Amino acid sequence: MISATGVSWHYGTNPVIDAVTVTARPGRVLGLIGPNGSGKTTLLRLLYGALHSRTGQVRVDDDELSTLTPREAARRLAVVVQETGGETALTVAELVLLGRGPHLSTFQRTGRVDHEIAARALARVGGSHLAARAFTQLSGGERQRVLIARALAQQATHLLLDEPTNHLDIRYQHEILHLVRHLGTCSVVVLHDLNLAARYCDDLVLLGSGGVVAAGTTDEVLDPVLLEPVYGIGIRRLDLDGAIHLLFQPVDQTTEERIAA
Ligand code: ADP
């Protein structure tokens, strides 16, 4: 479980996250949704300790995140964010193996079991054929899957992902989120696509310009009455065969016309 209580973050004088409280529960996928600039990435970074709130606290299971050593934090929290690993000269197999780092003691080298775990992680994202390739030579979607494999190899009990479906074609968008859903970890995922959130998240936090607009189960939060004012677009919800589908109805105006108005 990850629970943030009363956490805040300001960029300069701009309060992005203001006394926000969220809980990611064990074995469930919590989605962070909201328009561009609403603070999803900032909140995620507070949850894994890349940013430190001056107010409130973040707890991972029974411990305050700030009291954990980096190694202990990395055994509990695996993070997949957009900008990681981009410049590395490593092969894919080597990069995924880095996920084993938190499980090794200071001078311990990776062993057979670590290599097996890393190979299995790469296979789970459909990336076995990439093992010998240089990471820097991969496409955006291939890189994304490799970074997820590294997080899986880390075998952390919590997984935090920032827009993991970016760059992925539609098949891998679903495969990766299906995988996350079935890992059994406590997962937090920033998602742009509300229909992916509908399908793969158990709980959602909807962020708007003022902070948290709504939090609850996916069924509760994906309510057009809550979503429309936040996104500024007409939204219709259909419940088909037990699944939620959202249809979007742009207002009949271009962005240029809206800015001019
Ligand atoms: P989201 O993930 O919802 O798009 P972010 O958390 O990335 O939102 O950003 C929230 C707000 O904080 C935006 O207004 C953004 O411009 C601002 N912001 C993000 N990172 C920085 C930064 N490093 N410096 C200044 N402002 C930032």
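The values are calculated or read from the model by the stated rules, or taken from the named source; none is laboratory data. What you see is a predicted model; the values in this text were computed from it and never measured. Quick reminder, even Gly has a Cβ in these numbers, built from the backbone with ideal geometry, and neighbours come from all protein chains shown.
Given the condition within 16 Å of the ligand (Cβ to nearest atom) and in the same structural domain as GLY208 (by TED's automatic domain parsing), answer yes or no: does some residue in the range 70-80 qualify? Scanning the range 70-80 turns up at least one residue that is within 16 Å of the ligand (Cβ to nearest atom) and in the same structural domain as GLY208 (by TED's automatic domain parsing). THR42 meets each of the listed conditions (1) touching a residue at least 60 places away in the same chain (Cβ under 8 Å); (2) within 15 Å of the chain's Cα centre (by Cα) apart from (1). The residues on offer are VAL80, VAL92, VAL96, VAL125, and the sole one that is crowded, with 20+ Cβ neighbours inside 10 Å, within 22 Å of PRO26 (Cα to Cα) and not hydroxyl-bearing (Ser, Thr, Tyr) is VAL80. Only a single criterion out of (1) more than 23 Å from ASN166 (Cα to Cα); (2) free of Cβ contacts under 8 Å to residues at least 24 places away in the same chain is not satisfied by ALA123, namely (1). With respect to the stated conditions, SER66 fails to be hydroxyl-bearing (Ser, Thr, Tyr), within 16 Å of the ligand (Cβ to nearest atom) and touching a Gly at 6+ places or on another chain (Cβ under 9 Å). Here VAL60 clears all of (1) within 26 Å of LEU227 (Cβ to Cβ); (2) crowded, with 16+ Cβ neighbours inside 10 Å except the condition numbered (1). Among the numbered conditions (1) within 20 Å of LEU196 (Cα to Cα); (2) within 16 Å of the ligand (Cβ to nearest atom); (3) surrounded by fewer than 21 Cβ atoms within 10 Å (Cβ to Cβ); (4) touching a residue at least 24 places away in the same chain (Cβ under 8 Å), the only one that GLY27 does not meet is (2). When you check LEU196 against the structure, is it in contact with a His (Cβ under 9 Å, 6 or more places away or on another chain), part of a helix (DSSP H, G or I) and of a type outside the set (Val, Ile, Thr), yes or no? Taking the combined requirement at face value, the residue satisfies it. Take ILE17 and decide whether it is over 25 Å from VAL146 (Cα atoms), within 10 Å of the ligand (Cβ to nearest atom), in contact (Cβ under 8 Å) with a residue 60 or more places away in the chain and buried (at least 17 other Cβ atoms within 10 Å of the Cβ). Here the answer is yes, as ILE17 does meet what is asked.
Among the residues of the range 80-110, those identified as at pLDDT below 85, of a type in the set (Gly, Ala, Ser) and either more than 12 Å from ILE148 (Cα to Cα) or part of a helix (DSSP H, G or I) (or both) are GLY86, SER105.
Looking across the range 147-175, the residues that are over 17 Å from ALA123 (Cβ atoms) and either of a type in the set (Ser, Thr, Tyr) or touching a strand residue (DSSP E or B) at 6+ places or on another chain (Cβ under 8 Å) (or both) come down to ALA156, THR157, HIS158, LEU159, LEU160, LEU161, ASP162, GLU163, PRO164, THR165.
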